[in-house]
Every structure is written in structure tokens, then in C-alpha cells.
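The structure under discussion appears below in the form of C-alpha cells.
Every number here is computed from the coordinates shown, using simple stated rules; none is lab data. Since we're looking at a predicted model, the values are computed, not measured. Here the Cβ positions follow ideal geometry from the backbone for every residue, glycine too, while neighbour counts run over all protein chains shown.
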């Protein structure tokens, strides 16, 4: 008696997922490294920014805006402009020059998260007196 087609064992085809997972991990690692290098942005040295869960997304109009002026304040209360400590009078001079050069310019204020609101308000008031009506407070978005 011969065997019929029905009695033969059926072999299941297998898909080996390990090589595909290796490729996906390599691609994922590549994109993580690239995104980390592109997102470093401009930061003031020695300033630990507070974090927030949800940040504002940049609009298309922001792409045409002039380069923002980065003003920082470290945890000792020193004002930092272009990564150099400055006196309040020097900040006034630099702000006036910046706003004359680019009237639509934006000041990005990076303050250490340990500072009191009183110190922040003092510098923000100084910026407003010069004519800085477009001031952004920088936070670290996770």
C-alpha cells in the first residue's frame, strides 16, 4: 500500500526575525544619534533649565524671524550674554544694539530653575524697558 498525499507531514515555513530586528535596531540607533546631535540648539553654559511635558511647536512664521538673542541667568544670579557674564548696564547696551539691528528680534531668556521669581522678574523688566516686547522663557522639553 502506498501513502497518500494526506498522510504526509506538512512542513511549516519559518521566518527568521532576528536579522530583521538587527536591521531595525541599527536604523533606530542611527535616528536617535542624529536627532540628539540636531537638537542640542543654543544653550547658555552653566544654566540648568526647568522641564515641561508639553512645549509650543514652532510655526512657519518663526522660520523667517531673525536669530534670537540668548540671555541667561545662572544659579548665582549672574547675567550671561553670548556665554559671557555681563553687568546689567552692559546688558542694556547689548539689547539696544540688538533691537536696532533687528526690530522684530526675539530675546530668549534662559534662567536656572533654582532662581527665585523676583530675580527673573527684575531681568525681564529690564529687557521690557529697553523695548523687548518679544521675550521667550526657555524650558527644557522632555
If each of residue 126 and residue 28 carries a label point 7 Å out from its Cα toward its Cβ, how far apart are those two points in nm?
4.7
Roughly how many whole Å is it from the C-alpha centroid of region 67-93 to that of region 12-41?
41
Which of the peptides 12-24, 87-99, 105-117 is most tightly packed, and how do the rest follow, going by the mean number of other Cβ atoms within 10 Å of each residue?
105-117, 87-99, 12-24
Extension reserve of the residue 93-residue 17 stretch, reckoned as 0.36 nm per residue once the Cα distance is removed
21.1 nm
